[in-house]
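What follows draws every value from the coordinates through simple rules; no lab data is involved. Just so we're clear, the structure is a prediction, and the values are computed from it rather than from any experiment. Here the Cβ positions follow ideal geometry from the backbone for every residue, glycine too, while neighbour counts run over all protein chains shown.
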Amino acid sequence: MEAIQVHQGKAIAMDRSNIDTDQIIPKQFLKRIERTGFGQFLFYHWRFDDDGKERPEFELNKQENKGASILLAGENFGCGSSREHAPWALLDYGFRVIIAPSFADIFYNNALKNGIVPIKMDETVIKKWMAVAEQGKLELVVDLPEQEITVIGGEKIHFDIPAYHKEKLINGWDDIALTLQLEDDIAAYEAAK
Amino acid sequence: MEKAKTIIDKIWEKHVVHREENKPDLLYIDLHLVHEVTSPQAFEGLRLNNRKVRRPDLTFATVDHNVPTKNRDVIKDAVSKKQMEALKTNCRDFGITLADMFHPNQGIVHVIGPELGLTQPGKTIVCGDSHTSTHGAFGALAFGIGTSEVEHVLATQTLWQERPKTLNVKVEGDLGPGVTAKDLILAIISKFGVKFGTGYVMEYTGKAIRSLTMEERMTVCNMSIEAGARAGLISPDQTTVDYLKGRANVPQADAFEKAAKSWLALATDEGAAYDKTVTIHADEVEPQVSWGTNPGMCAPINGSTPTIADSDHPEDLQRALAYMDLQENQPITSIPIDHVFIGSCTNSRLSDLRKASQIVVGKKVKEGVRAIVVPGSFGVKMQAEKEGIDTIFKDAGFEWREAGCSMCLAMNDDVVPPGGRCASTSNRNFEGRQGNGARTHLVSPEMAAAAAIEGHFVDVRTYANHQSTSAAF
Ligand code: SF4
């Protein structure tokens, strides 16, 4: 996992609640056995019509939103299927930070495992930012060590993230390697069972 | 006296391998179920790092998501085939038991776990699949995980887990005649919303829950994730013990009696406290039909789609109705369907098929409707055929298939075409779930069966007595 400390990027607004992982990456793309290359299929049916042509009205396709790396979304982002292909697709497309009022539990974990920072933020703040982002004018600096988001040319806001998640993201640590250091504990548990 | 505990606390405490302040707990995993779609990248990760599977004996694999449900000898989709073959190779290389496509234990992972007695009270169970919550019906702590976590469990047999909050979903009273476990869980989700369980493990309690069969309990726990809860469970009781007795992977004879005693002791203690409690009255639940694009968007059969202006999120509602090609205030019984799917880990067990078949016996599927029945496992299929259930369905014009996930997510050839409208016994009505542009209405098996005959939704509570209501349309 790639470490992430301070990230600056353009933010894009998707003002919808309950964006489920079936929309983020539809099932026909889950047959691949690789971890990479899913970005081209991100939000596939929202992004492309039945002939594979871009739908001009969809947020990701608007010229002013190209190159965005921060996603602002509605509540319960990432609900539904546990498919980790969802964060793989978001990351591969170029998203490193997702800001929403709430996240589904499994998606939240899956994002963290892949170096995407899921940030829970008050809905009123998000709505305000969305209005700016919709004009393609929202640039944010996300400072993970300081737990602060700075709007370029505007306010600075604090965000919460559990300390152990933050530590892993900042260092890009591999969970399994860390756990394997606890081999003695695991073996002892198994022996006592 | 010891403090009263919930079953969730009891299971949790028994599984902590390592605990540090301000960190999640490291939990031991007793059973890891694996399927073809969410595992290849995990095995690849093990290989890249020269790691092995720590406990192949606690790991069990099957193919379900991708498998064809007919003409199994030829898999036309090369990518699907590759994925299934990858699982075979991975299981062979890492020493994991696999119920492959032609194996008598093959089936949807959440159907075969309980069927084989792998699922037992008190276990921690994970699978790279969000409907792992199904196994909670047995009083197990069972939840879905992502592929990185699958890899973590394969390598370490443990998971880092934050202790969840506890939520008591209390179901008082009794379900009325003709009202099913599916209607109950849909009503719960539409009453409290698709995220009321986020951050919680739910325990379903109350009189109505106690009187459910194990298969009905599985239907309820299955959809916990649609309420946002990674896990939902029910304290074990005599119904649980009776179901498990004699199954392949449970202890036998005296050892079973001993196990049963320890299982029953797991039940939530009288007076145990939960972080939150919600209550619903089973008597008020009517047969449900989902009308929108998430499982919280449901109405009773005699109700209508909602009024847009009444909603807190009118844009979301408008988008859902537009996708579903429905009007606001549209009566549910006026919605015509052209596809029917009876199957999925929610409703593909023997009792589901038995009940649905009773609705269609001696009747014919409405012209223009394509109806398929996909048993949840090879075992369910065999038993149903022994009972002649397949014949009832086939005589009525249903297709009778091999076991798998099938039209629940339409990864194989079982797809609802664009613009098609399906009465489905599955658990998700998300946009495109059953096929690009397809519209899904979630219902119970009985409601799906009746809709197949009539070509639109009808109230099963009064339906059995009627020959046909289609004259009115
Ligand atoms: S039947 Fe549907 S919900 Fe259940 S495991 Fe298969 S795809 Fe998932």
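Tabulated values for the structure
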| quantity | calculated |
| --- | --- |
| Peptide B:26-37 - average C-beta neighbours from other chains (10 Å radius) | 2 |
| Sorted by Cβ density within 10 Å, fewest first, the residues B:W263, A:W88, A:W46 | A:W46, B:W263, A:W88 |
| Whole-number percent relative contact order across segment B:226-380, with pairs defined as alpha carbons under 8 Å at least 6 apart | 16 |
| Antiparallel bridges, percent of DSSP beta bridges restricted to chain B (to nearest 5) | 25 |
| Average beta-carbon neighbours from other chains, 10 Å sphere, peptide A:177-186 | 5 |
| Pairwise FRET efficiency - B:V74 versus B:K355, Cβ, R0 = 30 Å, nearest 0.05 | 0.35 |
| Cβ-Cβ FRET estimate between A:K66 and A:E34, R0 fixed at 22 Å, reported to 0.05 | 0.30 |
| Simple spin-label estimate for B:E399 and B:L264 in nanometres, 7 Å along Cα-Cβ | 4.7 |
| Cross-link pairs A:K53/A:K128; A:K120/B:K191; B:K195/B:K355; B:K207/B:K276 - those with Cα-Cα distance over 27 Å | A:K53/A:K128; B:K195/B:K355 |
| Mean separation of Cα contacts under 8 Å, 6 or more apart, over the residue count of chain B: relative contact order % | 17 |
| For B:C408, B:C221, order by how many other beta-carbon atoms lie within 10 Å, fewest first | B:C408, B:C221 |
| Histogram of C-alpha separations across segment A:6-192, 5 Å bin width, % | 1, 8, 15, 20, 19, 15, 9, 6, 3, 2, 1, 1, 0 |
| For chain B: span of alpha carbons on each principal axis (Å, largest first) | 64, 56, 48 |
| Chain B: calculated mean residue ellipticity at 222 nm from DSSP helix runs of at least 4, using -39500 (n - 2.57) | -9000 deg cm²/dmol |
| Pairwise label distance in nanometres, B:Q238 with A:D143, each label 7 Å out on the Cα-Cβ vector | 6.6 |
| Set A:K66/A:K137; B:K123/B:K245; A:K113/B:K14 screened for pairs whose C-alpha atoms are more than 21 Å apart | A:K113/B:K14 |
| Dipole of chain B, positive direction: furthest Cα of B:T38, B:P314, B:I359, with charges on the beta-carbon | B:T38 |
| For B:M218, B:M382, A:M14, order by how many other beta-carbon atoms lie within 10 Å, fewest first | B:M382, A:M14, B:M218 |
| Antiparallel bridges, percent of DSSP beta bridges restricted to chain A (to nearest 5) | 50 |
| Two-decimal log10 I(q)/I(0) for segment B:191-307, as the Debye equation yields it once each C-alpha is a single scatterer, q = 0.18 Å⁻¹ | -1.07 |
| Cα centroid of segment A:105-165 to Cα centroid of segment B:178-200, whole Å | 31 |
| Average beta-carbon neighbours from other chains, 10 Å sphere, peptide B:139-152 | 5 |
| For segment B:7-162: relative contact order, % (alpha-carbon pairs under 8 angstrom, 6 or more apart) | 33 |
| Reachable lysines, given that their alpha-carbon falls under 22 Å from the alpha-carbon of B:K76 and they are not under 8 places away in the same chain | A:K27, A:K31, B:K88 |
| Helical contribution to [θ] at 222 nm, DSSP H n ≥ 4, -39,500 (n - 2.57), averaged over chain A, rounded to 500 | -8500 deg cm²/dmol |
| Percent of beta bridges antiparallel (DSSP, the protein assembly as shown, rounded to nearest 5) | 30 |
| Where Rh is the Kirkwood radius over Cα pairs, Rg/Rh for segment B:288-472 | 0.97 |
| Which of B:F398, B:I372, B:A451, positive extreme of dipole for segment B:346-471 (C-beta unit charges) | B:A451 |
| Distance in nm between pseudo-label sites at B:E20 and B:Q252 (7 Å out along the Cβ direction from Cα) | 4.6 |
| At R0 = 45 Å, FRET efficiency that the Cβ-Cβ distance of B:E162 and B:E367 yields, to 0.05 | 0.25 |
| Under the Debye formula (equal points on every Cα, no solvent term), log10 I(q)/I(0) of the protein assembly as shown at q = 0.06, 0.10 Å⁻¹ | -0.31, -0.91 |
